[in-house]
Amino acid sequence: MRVDAAVVGGGPAGATAALRLAGAGATVVLYERSAYDGLRMGETLPPSVNPLLRELGLWDRFLAAEPMPSYLTASAWGGPEVAERSFVFSPYGHGWHTDRAAFDRMLADAAAAAGVAVRLGEAVRGVRRVGGGFAVDAGSPVVADVVVDATGRSARVARGLGARRAGRDRLVCAARVFALPPGATAGDTFLEAVPDGWWYAAPLPARRRLVAAFADARHAARAGLATPDGWAAAVARTAHTHALATGDAGPVHVVSAASHHLTPAAGPGWVAVGDAALAVDPLSSGGVAFALRTGMRAAEVLLGGAAEGYLALVEAEAAEYYRLREEVYGWEARFTGDPFWRERATG
Ligand SMILES: Cc1cc2nc3c(=O)[nH]c(=O)nc-3n(C[C@H](O)[C@H](O)[C@H](O)COP(=O)(O)OP(=O)(O)OC[C@H]3O[C@@H](n4cnc5c(N)ncnc54)[C@H](O)[C@@H]3O)c2cc1C
């Protein structure tokens, strides 16, 4: 089958690119290897996603999924006391706690409604150039004029086409979902710095809470963070987070949260979007907004815009992100003797 565009990866970046390409009249196939049925992380959305969802025409669909409002982040970062930072000064209103699998499914459904052929449960094995296009090797193979790499942190398609990924760290996340005990309040986002990394807790819809440890991969392995016992021992050593890790706990999920930057982020006939182009530390809560913005911009490039502007955008975002990352980790001066903090505070 011949199509105008193939999008590989049905996260926020891929679904947005597909939606925009189809909206402009292109024939589009979107491949997503999952069926959005497992736990997906990245559930707290900052206020900056609000104008993007409106611009995409998805505001009503988004609200229909009943996300929980998020008004502030409390943190013990830079000192033992808990300080609060409210979204009250954001020009975009408040943020949200979502069910990320439902959020991603909502975006893919919107793409399907716009005419995209969404292939759920189909992993793309490879993409190669063929005369004037790209052959996509999947259960339902296609030849596409252009291709979008939206595979997330793996940047699998772009790397196969010759792009290089420069990693900055080996941050991993070990997370568990708790059912809130009766009478417990959901709370809002919470962060706590510890010598080997940091902890994060956030409410999820349906009276659940996600509690996660972030650490370098080597430390996570040494501390056994992937096991329920190792995880429980580590959270018990926290000053604050342990009080949020109560109720029935699910298994430990370990995922990469490493920062990396792809060069180049686009080439003749292809564009990498979202985490495939630039994967940021979850501390920034900026990943989904970047995915939506680059998904929109990629469609413009592939519909005949110049790639230079897109490449400049990704380079500028990467430079600003690395500057901010150094600054925010630099705020924590209690643990500068620990490798986790020393490496980050110096870029
Ligand atoms: C632990 C953690 C916590 C985070 N917390 C936040 C947060 O609170 N707020 C926030 O804004 N961001 C957060 N982020 C970042 C955010 O989740 C990402 O930036 C965002 O998901 C990027 O979207 P994406 O579409 O580029 O990639 P992804 O969401 O990773 O989507 C990629 C998709 O491609 C599919 N795929 C991969 N390979 C193939 C293949 N070969 N064939 C077919 N399909 C394929 C995958 O199944 C996946 O659905 C967090 C990230 C992590 C790791």
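The values are calculated or read from the model by the stated rules, or taken from the named source; none is laboratory data. Just so it is clear, the structure is predicted and the values come from calculations on it, not from any experiment. A quick note on method: Cβ atoms are made from the backbone with ideal geometry, for glycine too, and the neighbour counts reach across all protein chains shown. SASA here: full protein model, heavy atoms, side chains in, ligands and nucleic acids out. Shrake-Rupley method; radii C 1.70, N 1.55, O 1.52, S 1.80 Å.
Considering only the stretch 176-217, state which residues are in contact (Cβ under 8 Å) with a residue 12 or more places away in the chain, farther than 20 Å from Trp96 by Cα and more than 22 Å from the chain's Cα centre (by Cα).
Within the stretch 176-217, Pro181, Val194, Pro195, Asp196 qualify.
Residue check, Trp198 against (1) in a helix (DSSP H, G or I); (2) buried (at least 22 other Cβ atoms within 10 Å of the Cβ); (3) more than 11 Å from the ligand (Cβ to nearest atom), all met but one. Which one?
(1)
Among the residues of the stretch 271-294, which ones are open to solvent by less than 30 Å² (accessible area, probe 1.4 Å) and either modelled with pLDDT under 95 or in a loop (DSSP other than H, G, I, E, B) (or both)?
Of everything in the stretch 271-294, those that are open to solvent by less than 30 Å² (accessible area, probe 1.4 Å) and either modelled with pLDDT under 95 or in a loop (DSSP other than H, G, I, E, B) (or both) turn out to be Val273, Ala277, Val280, Asp281, Gly286.
What single numbered condition from (1) in contact with a Gly (Cβ under 6 Å, 6 or more places away or on another chain); (2) open to solvent by 30 Å² or more (accessible area, probe 1.4 Å) fails to hold for Ala215?
Of the numbered conditions (1) in contact with a Gly (Cβ under 6 Å, 6 or more places away or on another chain); (2) open to solvent by 30 Å² or more (accessible area, probe 1.4 Å), the odd one out for Ala215 is (2).
Residues checked against (1) touching a Phe, Trp or Tyr at 6+ places or on another chain (Cβ under 9 Å); (2) without any contact (Cβ under 8 Å) to a residue 60 or more places away in the chain; (3) on the phi > 0 side of the Ramachandran plot:
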| site | (1), (2), (3) |
| --- | --- |
| Arg222 | no, yes, no |
| Gly230 | no, yes, no |
| His253 | no, no, no |
| Ala258 | no, no, no |
| Ala265 | yes, no, no |
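Which of the numbered conditions does Leu303 fail, given that it passes all the others? Conditions: (1) outside the structural domain of Ala18 (by TED's automatic domain parsing); (2) touching a residue at least 40 places away in the same chain (Cβ under 8 Å).
Just one mismatch for Leu303, condition (1).
If you scan the stretch 12-40, which residues turn out to be within 11 Å of the ligand (Cβ to nearest atom), in contact with a strand residue (DSSP E or B) (Cβ under 8 Å, 6 or more places away or on another chain) and open to solvent by 20 Å² or more (accessible area, probe 1.4 Å)?
Hits for the stretch 12-40 are Ser34, Ala35, Leu39.
Looking for something away from the ligand (no atom under 12 Å from the Cβ), under 26 Å from Ala155 (Cα atoms), open to solvent by 30 Å² or more (accessible area, probe 1.4 Å) and not assigned by TED's automatic domain parsing to the domain that holds Ala299 - is there at least one such residue anywhere in the stretch 221-233?
yes
Only residues that are in contact (Cβ under 8 Å) with a residue 40 or more places away in the chain and either assigned to a loop (DSSP other than H, G, I, E, B) or open to solvent by 30 Å² or more (accessible area, probe 1.4 Å) (or both): list them for the stretch 160-175, please.
Looking only at the stretch 160-175, we keep the residues that are in contact (Cβ under 8 Å) with a residue 40 or more places away in the chain, and these are 161-175.
Hits for the stretch 160-175 are Leu161, Gly162, Ala163, Arg164, Arg165, Ala166, Gly167, Arg168, Asp169, Arg170.
Return the residues of the stretch 233-270 that are in a strand (DSSP E or B) and closer than 30 Å to Ala150 by Cα; say none if nothing qualifies.
His253, Val254, Val255, Ser256, His260, His261, Leu262, Thr263, Ala266, Gly267, Trp270
Looking only at the stretch 330-340, decide whether some residue is among the hydrophobic types (A, V, I, L, M, F, W, C), assigned to a helix (DSSP H, G or I) and open to solvent by 70 Å² or more (accessible area, probe 1.4 Å).
No, the conditions are met nowhere in the stretch 330-340.
Taking strands (runs of 3 or more DSSP E) that do not extend beyond the stretch 69-140, which have at least 2 residues that are within 14 Å of the ligand (Cβ to nearest atom) and open to solvent by 30 Å² or more (accessible area, probe 1.4 Å)?
117-120
Name the one entry in Gly160, Gly167, Gly187 that is within 12 Å of the ligand (Cβ to nearest atom), of a type outside the set (Phe, Trp, Tyr) and in contact with a strand residue (DSSP E or B) (Cβ under 7 Å, 6 or more places away or on another chain). If you could, list the steps in order and put the result at the bottom.
On the way: Gly167 fails: within 12 Å of the ligand (Cβ to nearest atom); Gly187 fails: within 12 Å of the ligand (Cβ to nearest atom).
Among Gly160, Gly167, Gly187, only Gly160 is within 12 Å of the ligand (Cβ to nearest atom), of a type outside the set (Phe, Trp, Tyr) and in contact with a strand residue (DSSP E or B) (Cβ under 7 Å, 6 or more places away or on another chain).
With respect to Arg297, is the statement that it is farther than 26 Å from Leu107 by Cβ, within 16 Å of the ligand (Cβ to nearest atom) and surrounded by 15 or more Cβ atoms within 10 Å (Cβ to Cβ) true?
no
Kindly indicate the residue of the stretch 252-266 that is open to solvent by 30 Å² or more (accessible area, probe 1.4 Å) and of a type in the set (Ser, Thr, Tyr) and also nearest to the chain's Cα centre (by Cα) among those meeting that condition.
Ser256
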